[in-house]
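The values are calculated or read from the model by the stated rules, or taken from the named source; none is laboratory data. Please read all numbers here as calculations on a predicted model, not as lab measurements. Note that each Cβ is placed from the backbone with ideal geometry, even for glycine, and that neighbours are counted across all protein chains shown. These accessible areas exclude ligands, DNA and RNA; they are computed on the full protein's heavy atoms, side chains included. Shrake-Rupley method; radii C 1.70, N 1.55, O 1.52, S 1.80 Å.
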Amino acid sequence: MIFLERWKGMLYLCGAFTLAGTSVITAWFLNGKLGTFTITAASLVLALLCMLPLCRKELVKTVRQLTFREWGVLFFQALLGMFLFRMLLLQGLLHTSTAEAGILTGATPAFTVMLAFGLLRESVNGNKLVGIVTTVVGIMIIQGVLTPGHAFEAQHLYGNLLVLCAAWSESGFNLLSRIGSMQRTSSPNKAIHPVVQTTLVSVIALMLCLIPAWFENPVASLAAIGLQEWLALVWYGPIVTAVAFMLWYAGIKRCHVSTAAAFSGMMPFTALLLSVIVLKESAGWEQWCGGILVILGMFLIGRQQAANNPLPQQLPPEPGIIIGVRE
């Protein structure tokens, strides 16, 4: 049973980060046509329109049961994982190149493992350590940081710092998600369904975005975009935000943070594939070798994860399928 749950968790994480990787292409279609906070707010509204009908009864029940501390954890998940990460990344891209930003977001797995080791005392050894290092090296190769002649440009320092802060923000979100899951899994009756948890975090993030989005004249800018941009917003909302976060919450309660850190390597690998297929960009042997290393790293982590001892907290019963909520 534990073996099956762990593999389910890793499949959920793989799906979550694969979908998250498509956000790079989505941002390409929206770049320069909508403001940073308008993009986030509009995508969250579209995501909530899809999620609320699925979980309205369970949502009301969960809201009544949440403690003040649990509300605090959800607030900081929304602040770090949705609001600050997207704001810092999109703002950073205004002051630095896409290549340099990609290199720095590749630091997220290393930051996550450092936080998990320091705060959660998760062990990092054997296949897990090799897998994490392999994943990070693969990301660096994909982004070209190990290519001779590639170097950061001094004038991009400000943008690079913003993107680096975004990577730390994402790592903090990963850690908070695991902490919240560990606190609730000790009591199966308190487990929050992934759809409900994603809905609550999305509502909080939307509230954080509303005021700054208002100063971007969102009504006029949304009215001016075409069908292609609206399709990108639909993908960014219900798919990248809703489905990806549901898969994330379903996976993180079954896996260690360091495992999630390794699977985050799917983000740049997915972005690489889509840039070649959708945007018709060229990719050299370095990028493809890096992608192979990312997959190898995830395999090593998965092999170690499946063989590990059970997690500190007992897993709760599965609360229904991922796209629905039990009545």
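Tabulated data for the structure shown
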{"read-out": "The lone exception for Leu88 - which of (1) of a type in the set (A, V, I, L, M); (2) open to solvent by less than 70 Å² (accessible area, probe 1.4 Å); (3) more than 20 Å from the chain's Cα centre (by Cα) it fails", "value": "(3)"}
{"read-out": "Residues of the stretch 114-125 satisfying the condition of being at pLDDT below 70 and in a helix (DSSP H, G or I)", "value": "Leu120"}
{"read-out": "Enumeration of residues in the stretch 1-39 that are among the basic types (Lys, Arg), assigned to a helix (DSSP H, G or I) and open to solvent by 30 Å² or more (accessible area, probe 1.4 Å)", "value": "Lys8"}
{"read-out": "Qualifying residue in the stretch 236-243 (condition: closer than 24 Å to Met10 by Cβ, open to solvent by less than 40 Å² (accessible area, probe 1.4 Å) and either touching a Pro at 6+ places or on another chain (Cβ under 7 Å) or part of a loop (DSSP other than H, G, I, E, B) (or both))", "value": "no"}
{"read-out": "Given (1) open to solvent by less than 40 Å² (accessible area, probe 1.4 Å); (2) over 19 Å from Pro194 (Cα atoms), index of the condition Glu70 fails", "value": "(2)"}
{"read-out": "Flag if Lys61 is more than 21 Å from Val203 (Cβ to Cβ) and either surrounded by fewer than 22 Cβ atoms within 10 Å (Cβ to Cβ) or not hydrophobic (A, V, I, L, M, F, W, C) (or both)", "value": "no"}
{"read-out": "Flag for Trp285 being open to solvent by less than 20 Å² (accessible area, probe 1.4 Å) and at pLDDT below 90", "value": "no"}
{"read-out": "Single residue of Ile204, Ile179 found to be at pLDDT below 75, part of a helix (DSSP H, G or I) and open to solvent by 10 Å² or more (accessible area, probe 1.4 Å)", "value": "Ile179"}
{"read-out": "Any hit, the stretch 92-105, residues being in a helix (DSSP H, G or I), on the phi < 0 side of the Ramachandran plot, buried (at least 20 other Cβ atoms within 10 Å of the Cβ) and modelled with pLDDT of 85 or more", "value": "no"}
{"read-out": "Residue that is farthest from Leu115 (Cα to Cα), among those in the stretch 238-287 that are in contact (Cβ under 8 Å) with a residue 12 or more places away in the chain and aromatic (Phe, Trp, Tyr)", "value": "Phe269"}
